[in-house]
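Reviewing the structure listed below.
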Amino acid sequence: MRLIISGGGTGGHIYPALAIIEDLMQQEPNSEVLYVGSKRGLEGDIVPKQHIPFISLEIQGFQRSMSFAGIKSNLQTVRLFLKSVREAKRIIKDFKPDLVIGTGGYVSGAVVYAAAKLKVPSMIHEQNSVVGLTNKFLSRYVDKIAIGFPEAKEQFPEAKVSFTGNPRAQQVANIHSDFSWTEYGLVDTKPTILIFGGSQGAPKINSAVVDAMPEFNQRDYQVVFVTGKNRYTDTMKRLATIDLNDNIAVLPYISNMPAVLPKVDVIVGRSGATSIAEITALGIAGVFIPSPYVTADHQTKNTMSLVNAGAGIMIKEDELNGNSLLKVVDDLMTNDTKRKQMATNSKQLGVPDASDRVLSLGRSIKK
């Protein structure tokens, strides 16, 4: 297969795209892939390191402000979009793809729209339960739409939609992990909770953990607290008065997270689509603290799909503190039956063949 794939801006758009590429190369090793991203997004750093051919387009998003500066910026956005569509058409004509897939972000809007106008088979993947602006726009033009949450179906033209799950799930589900907690001074024989607010850390989550740490320090279960690289020093200063016991590990970052996750009994963190895909693929009980700073509050809606299935517990950020966190964590970590049932429910939501489903859907498009 000759595949052009486009997704940009954040890891939530990039990593599903990489998972699709990895699966395609396993199925059809002679395939040729081209990744088209944006000049400003993380993909420019992430994708070339995977030795995947990469081309970038200059594009930006719309401003919600109706100020003079906002209007001026939006006029520039339209100009860059039209320019990117022209460039994308040239790229598509040169590469001659069998299929074009968009995984979200403004750059995928230009690339997939160009493919549709050229009558090249095209599809999009929507990771979240709330559909993004780019995918809403593209839904009118593409041949197929893959979704990661069933709740997204009603927001698209019904005839085009198929539930596939998030491709990242298949990557994680297939990982064989030899990781041992002894790498962090812990043991492999105790239930372990991972608290992780993202690569940069989440101030409110970190603060709640610090407040709860005197109690965590006395528990039989293990606590792995990942602060985020930029917040590690400040967090350790706040913890300096506590003589941490050997059931606690405080880390700035975990670089090999996919290898670590299979060893986790409960995870506490945000509820981005990629995180949920990983957690459910492995069947991990989750305590979710949705970010209130994302578009359309989609992390809350993502979380509710797990809560309603008995696969997770939600703590709203404005209700998060040391006491509320400790209460929920203690309830799970000291109740094996409840924790294991939640893990089972989580596993039932997982889609360990999500990438296969996406590629199968793409191959079904006939022109």
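The values are calculated or read from the model by the stated rules, or taken from the named source; none is laboratory data. For clarity, every value in this text was computed on a predicted model and none was experimentally measured. Every residue, glycine as well, gets a Cβ built from its backbone with ideal geometry; the counts of neighbours run over all protein chains shown. Just so you know, the surface numbers come from the protein's heavy atoms only, side chains and all, with ligands and any DNA or RNA stripped out. Shrake-Rupley method; radii C 1.70, N 1.55, O 1.52, S 1.80 Å.
Here are the numbers for this structure:
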quantity	calculated
Total residues in the stretch 259-309, condition of a type outside the set (D, E, K, R) and not in a helix (DSSP H, G or I)	21
Count of the stretch 298-316 residues which are over 20 Å from ARG339 (Cα atoms), open to solvent by 60 Å² or more (accessible area, probe 1.4 Å) and out of contact with any Phe, Trp or Tyr (no Cβ under 9 Å at 6 or more places or on another chain)	1
Filter result (in contact (Cβ under 8 Å) with a residue 40 or more places away in the chain and outside any loop (DSSP other than H, G, I, E, B)) within the stretch 317-335	GLU317, GLY322, ASN323, SER324, LEU325, LEU326, VAL328, VAL329, ASP330, LEU332, MET333
Candidates ASP297, ASP265 - the one that is in contact (Cβ under 8 Å) with a residue 60 or more places away in the chain and at positive phi	ASP297
Matching residues in the stretch 344-360 - criterion: being part of a helix (DSSP H, G or I) and open to solvent by 20 Å² or more (accessible area, probe 1.4 Å)	THR344, ASN345, LYS347, GLN348, LEU349, ASP356, ARG357, SER360
Output for the stretch 2-49, where each listed residue is open to solvent by 40 Å² or more (accessible area, probe 1.4 Å), in contact (Cβ under 8 Å) with a residue 12 or more places away in the chain and more than 18 Å from the chain's Cα centre (by Cα)	ARG2, GLN27, GLU28, GLU32, LYS39, ARG40
Selection within the stretch 156-178 - of a type in the set (Gly, Ala, Ser), in contact (Cβ under 8 Å) with a residue 60 or more places away in the chain and on the phi < 0 side of the Ramachandran plot	SER162, ALA169, ALA173, SER177
The stretch 205-258, residues that are more than 25 Å from the chain's Cα centre (by Cα), part of a helix (DSSP H, G or I) and among the small types (Gly, Ala, Ser)	ALA212
Number of the condition not met by LYS338 [criteria: (1) free of Cβ contacts under 8 Å to residues at least 24 places away in the same chain; (2) crowded, with 17+ Cβ neighbours inside 10 Å; (3) not hydroxyl-bearing (Ser, Thr, Tyr)]	(2)
Among (1) open to solvent by 30 Å² or more (accessible area, probe 1.4 Å); (2) closer than 17 Å to ALA202 by Cβ; (3) modelled with pLDDT of 95 or more; (4) in contact with a Ser or Thr (Cβ under 9 Å, 6 or more places away or on another chain), the one test that GLU319 misses	(4)
Matching residues, the stretch 119-155, being open to solvent by less than 10 Å² (accessible area, probe 1.4 Å), touching a residue at least 60 places away in the same chain (Cβ under 8 Å) and in a loop (DSSP other than H, G, I, E, B)	GLN127, SER129
Subset of the stretch 158-178 (residues that are surrounded by 19 or more Cβ atoms within 10 Å (Cβ to Cβ) and not hydroxyl-bearing (Ser, Thr, Tyr))	VAL161, GLY165, ASN166, PRO167, ARG168, ALA169, GLN170, GLN171, VAL172, ALA173
THR182 modelled with pLDDT of 95 or more and buried (at least 16 other Cβ atoms within 10 Å of the Cβ)	no
The stretch 352-367 residues that are farther than 16 Å from LEU18 by Cα, paired with ones that are part of a loop (DSSP other than H, G, I, E, B) and of a type in the set (Asp, Glu) (beta carbon under 7 Å, 6 or more apart)	ILE365/ASP143
Candidates ILE254, ILE267, ILE284 - the one that is β-branched (Val, Ile, Thr) and open to solvent by 10 Å² or more (accessible area, probe 1.4 Å)	ILE267
The listed residue being at pLDDT 95 or above and more than 17 Å from GLY362 (Cβ to Cβ), out of ILE21, ILE46, ILE55, ILE59	ILE55
Qualifying residue in the stretch 80-91 (condition: in contact with a helix residue (DSSP H, G or I) (Cβ under 6 Å, 6 or more places away or on another chain), modelled with pLDDT of 95 or more and either of a type outside the set (D, E, K, R) or not in a helix (DSSP H, G or I) (or both))	yes
Set PHE163, PHE196: member being within 17 Å of the chain's Cα centre (by Cα) and within 24 Å of ASP336 (Cβ to Cβ)	PHE196
